[in-house]
Amino acid sequence: MTPDLAHARARATGPLPLGAGEPVPHGMIRLEHGDGTGLALPAWPDGATPSLLEEYQVAPVAVERSGETRRVLAAALKCCWSDLAAGPWPGVPAPVDEVLAAYRALIGRGDDLMRNWAIGALRRLHDSAWLVVADGLVRLGPRCACWPEESHAQLRELVRRLPAPGQEAAGLDVLPAAGPDGGSASVTPPGGVDEDLLGPFDERRRAEIVAAFMAVEHAAEPVHEARFPALRDPAPRRVLAEMLERRGRVLIQDRERWTSGYADGAAAEAGALPDEAQRAVLVLVLIHSVAIPRAEGLLPADSWLSPFPVQAEELRRHTMLPIGELEAALRALRHAGLVTQVKAGEEAGGYVPGPQFHRLTGPARRRLQEELILAAGPHTPLAAAVRARRR
Amino acid sequence: MPETNHEITLDSALGEEAVLATYRRMFAALARDSGAVVDDPVLVDIAETLFAAFAEAGEEWLTHEQMRHACRAHPVELFENRLRVLRGLGAIREVFPKPNQLRYRASFTSVVGLMFIRRMMDDGGQSEMHRLLALEDLNVADPRTTMEEARASAQNLARAFRLWALELITLTGGTIEELREQAPKLWGTEEIARRAQSLHGTILNRWPDLDRTCTELRAAIYSYSDASRRAAGRLADSAGTTRNLTLLPAETWRTFAQTASKERLAAVLDGFVFDAPAPWHDPAAIVRAVDESPRPAPAQPTPPRSALPDPGPADSHDAGPAGLDRLASVAESALGGRSSARLEELLTADGEWVSARRLLADLVSIDLRSESPYRLRWSDGLTAAPGAEPAWLSHGVLERTGNDA
């Protein structure tokens, strides 16, 4: 696998598993389990993290119920980070009940509602690879290895002052061993990410390029070039484009706003949304909030984002999808930023395509339109024209 | 090939007259006067109303007055004008053709013609073409159909397809907006082309002698399909990234959304790649979230307080004699020296609910103070006066008991 494809795949599907002895793709952090196998995660240049966006007052990808989610993550750290002298990853597994007890001790209440919320937060943390929840055990996920060394002190301090989980959930007597073979796990960040590209620039220029890189890759919405000199000037923008290219990404411009998306070549191989129900629900949202308003002449802009929400009720009652799958798919899509929930009044509101649709390249947008036409009207002359053009 | 050199015989003249009569009747509903087509859709509505009335009347037929009654929603001069035209063209005729005939009947052909026209207006002719092709298919399969009829049918279809193709070609060369607007009404779906070709195959199989006519039909179908594809191709090329979604009707989208299986829906996004959820949890943000964690709620939450400044309960609660004195004076002034007074009079005295409710509140308060000598006695009477204040009034009596008045 080429490095650009590995990066694209890690972005699309989460941390990449590495076989025993498999070398880590260029520009990625290696997380080793101790038995030779491991995981690979993209590394950011110059030790930056998405926290950088805060300095530029650009909103990062939204976190659903952020306070609760982070408190549950703190509770998991309390239980799983056993050796405070080392980094948090991989830590030790802890029973789910122990993490819930730590969370209860943290917020000081223990009703059923709190428990349901905490379990929802555990699921979201699992889906985003911050935790691994399986077989009644919670482990720290690979993303916990992305915290830079210098921020560990802050977390250590937090874990020390958090109340211990109550006695009622003493947990397993014998916890499973940390690694499969008791070997030592390790985190190896790559040295000098993109040094060859960034090297020629002075400190200030270099910081500008890294900031622009983090902004296009991790901001929720496209960012305005007025804030980021590296987006405005063609020369640093070229370097930025090269950095993205190494990761299977391209710059996407919408007038003076910029974001990044999968390069069309990498997209074909990086792997689609794995869950069929999620894809189906996303297509339904696109039809109801983009295609139908377009067909009725209500949506003037040539974009895949839309102000016309589809009501959850419409999806529930007038489609062939089972309700259980629908709810789970909507939850997952919302979490990934593929749909956005719009609230309006008591009953109104619903779902519109999410901010990820900013990240489609021109050809991808066009292809999406064509695929929809081919699916909904396969016998129309329009579909025939699309097929003829592709041949 | 259309034959041009007819010999004009009496028979053919009669035949032509019959065809003309049918045409006249068929388009009578659209005629403004006997020589032109209507310019106001209301005129068509009158014809439709009349036909509906005729259908209801059955063998009773309709008199002039009854017709007028059926069309009473329309101005009389419009109605008379319309009736004159419809009669002139034979859409409405006397039951018996003799002078001073009072009863009228409607022509079946005109009614059918009107139905056809309404449908054409609705969908621009595409579904009409479907029906026509289906009908022709049945016709040519019918053992009674002659070769001449089949030839005529093939020629008609070829002409229709050629005209449609011409119009599409003109549009394809024109502006993109016009093409976008008009093309979906004109272009043929694969289904139409398929039906036409199957019809063509049936005719050719049954009457191999018609191969020249069939060749023409085939050419017309091909040129129509080609023009449709060309128009669609030009739109597809010019379409930006979502604009072509307008070219399928909203109904098609809805049907797809409602009937497609999960697999078919999901297949649309095959090969599209999106980001896995990867929100960032900064260590500082985690610390902040813990510090801002909501404090444990107290066991018994206090009830919500008004946002207005409130001196607090300690000052306003006056259980002492001062409060009782004020209430007693209210009660005394209400009694006005009597030993009892009717509540319904006291409460309506001011004619305003704002003052009545204060009085009522004070009287109820003093009634509840066991140490005071004033009591309220409620009776079953009730006054309802919708215009007055208060509109609903329970009857009762305020009285002084005991002896310390």
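The set of residues from segment A:218-249 being surrounded by fewer than 20 Cβ atoms within 10 Å (Cβ to Cβ), under 18 Å from A:P355 (Cβ atoms) and either small (G, A, S) or touching a residue at least 40 places away in the same chain (Cβ under 8 Å) (or both) comprises A:A220, A:E221, A:R227. Take A:I287 and decide whether it is out of contact with any Pro (no Cβ under 6 Å at 6 or more places or on another chain), touching a residue at least 24 places away in the same chain (Cβ under 8 Å) and either more than 9 Å from chain B (Cβ to nearest Cβ) or among the hydrophobic types (A, V, I, L, M, F, W, C) (or both). So A:I287 passes the test. For segment A:32-41, indicate whether the set of residues that are farther than 30 Å from A:R359 by Cβ, crowded, with 16+ Cβ neighbours inside 10 Å, in contact with an Asp or Glu (Cβ under 7 Å, 6 or more places away or on another chain) and not assigned by TED's automatic domain parsing to the domain that holds A:R123 is non-empty. The answer is yes, given that some residue of segment A:32-41 is farther than 30 Å from A:R359 by Cβ, crowded, with 16+ Cβ neighbours inside 10 Å, in contact with an Asp or Glu (Cβ under 7 Å, 6 or more places away or on another chain) and not assigned by TED's automatic domain parsing to the domain that holds A:R123.
Table: residues versus (1) over 32 Å from the mean Cα position of the chain (by Cα); (2) within 30 Å of A:V310 (Cα to Cα); (3) buried (at least 18 other Cβ atoms within 10 Å of the Cβ); (4) touching a residue at least 60 places away in the same chain (Cβ under 8 Å).
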position	(1), (2), (3), (4)
B:L199	yes, no, yes, yes
B:L204	yes, no, yes, no
B:L210	yes, no, yes, yes
B:Y222	yes, no, no, no
B:A232	no, yes, yes, no
B:P249	no, yes, no, yes
B:T259	no, yes, no, no
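Looking across segment B:271-295, just one residue is more than 7 Å from chain A (Cβ to nearest Cβ) and modelled with pLDDT of 90 or more, and that is B:R288.
Among the candidates A:G183, A:G108, A:G171, which residue alone is touching a strand residue (DSSP E or B) at 6+ places or on another chain (Cβ under 9 Å), on the phi > 0 side of the Ramachandran plot and modelled with pLDDT under 90? Unique residue meeting the criteria: A:G171. For segment B:48-95, a residue qualifies if it is of a type in the set (G, A, S) and in a loop (DSSP other than H, G, I, E, B), and the qualifying residues are B:A73, B:G90, B:A91. Among all residues of segment A:293-305, there is at least one that is under 28 Å from A:R257 (Cα atoms) and of a type in the set (D, E).
Being over 23 Å from the mean Cα position of the chain (by Cα), more than 10 Å from chain B (Cβ to nearest Cβ) and among the polar types (S, T, N, Q), is that true of even one residue in segment A:307-319? Yes: segment A:307-319 contains one or more residues that are over 23 Å from the mean Cα position of the chain (by Cα), more than 10 Å from chain B (Cβ to nearest Cβ) and among the polar types (S, T, N, Q).
So, restricting to helices (runs of 4 or more DSSP H) that lie completely within segment A:255-320, which ones have at least 2 residues that are basic (K, R) and surrounded by fewer than 22 Cβ atoms within 10 Å (Cβ to Cβ)? It would help to see each step written out before you state the result.
On the way: elements: A:264-270, A:276-286, A:292-295, A:312-317.
The qualifying helices (runs of 4 or more DSSP H) are A:312-317.
Of the strands (runs of 3 or more DSSP E) lying entirely inside segment A:1-116, those carrying at least 1 residues that are within 16 Å of the chain's Cα centre (by Cα) are A:16-18, A:38-42. Within segment B:71-97, residues that are touching a residue at least 12 places away in the same chain (Cβ under 8 Å) sit with their Cβ atoms under 8 Å from residues that are β-branched (V, I, T) and surrounded by fewer than 16 Cβ atoms within 10 Å (Cβ to Cβ), at 6+ positions apart or across chains, in these pairs: B:H74/B:V42; B:L78/B:V42. From the list A:L251, A:L240, A:L298, A:L330, the one residue that fits, being in contact with a strand residue (DSSP E or B) (Cβ under 9 Å, 6 or more places away or on another chain) and within 14 Å of chain B (Cβ to nearest Cβ), is A:L330.
Mind listing just one residue for me: the one in segment A:334-364 that is outside any loop (DSSP other than H, G, I, E, B), surrounded by fewer than 19 Cβ atoms within 10 Å (Cβ to Cβ) and more than 21 Å from the chain's Cα centre (by Cα) and, of those, nearest to the other protein chains (Cβ to nearest Cβ)? The selected residue is A:G362.
Scan segment A:120-151 for residues that are on the phi > 0 side of the Ramachandran plot and either outside any loop (DSSP other than H, G, I, E, B) or within 11 Å of another protein chain (Cβ to nearest Cβ) (or both) and the total you get is 1. Taking (1) out of contact with any His (no Cβ under 9 Å at 6 or more places or on another chain); (2) outside the structural domain of B:R144 (by TED's automatic domain parsing); (3) under 19 Å from A:Q369 (Cβ atoms) in turn, B:A232 satisfies each apart from (2).
Which residue, of B:T145, B:T109, is at pLDDT 75 or above and either surrounded by 12 or more Cβ atoms within 10 Å (Cβ to Cβ) or in contact with a His (Cβ under 7 Å, 6 or more places away or on another chain) (or both)?
Criteria check complete, one pass: B:T145.
Within segment B:382-398, residues that are of a type in the set (D, E) have Cβ atoms under 7 Å from residues that are not in a loop (DSSP other than H, G, I, E, B) in these pairs: B:E389/B:W353, counting only partners at least 6 apart in sequence or on another chain. Quick one: in segment A:376-391, which of the residues that are in contact with a Leu (Cβ under 8 Å, 6 or more places away or on another chain) and free of Cβ contacts under 8 Å to residues at least 60 places away in the same chain is farthest from the other protein chains (Cβ to nearest Cβ)? This residue is A:R387. Number of residues in segment A:10-28 that are within 14 Å of chain B (Cβ to nearest Cβ) and over 21 Å from B:V273 (Cβ atoms): the value is 0.
The values are calculated or read from the model by the stated rules, or taken from the named source; none is laboratory data. None of these values were measured; they are calculated from a predicted model. Every residue, glycine as well, gets a Cβ built from its backbone with ideal geometry; the counts of neighbours run over all protein chains shown.
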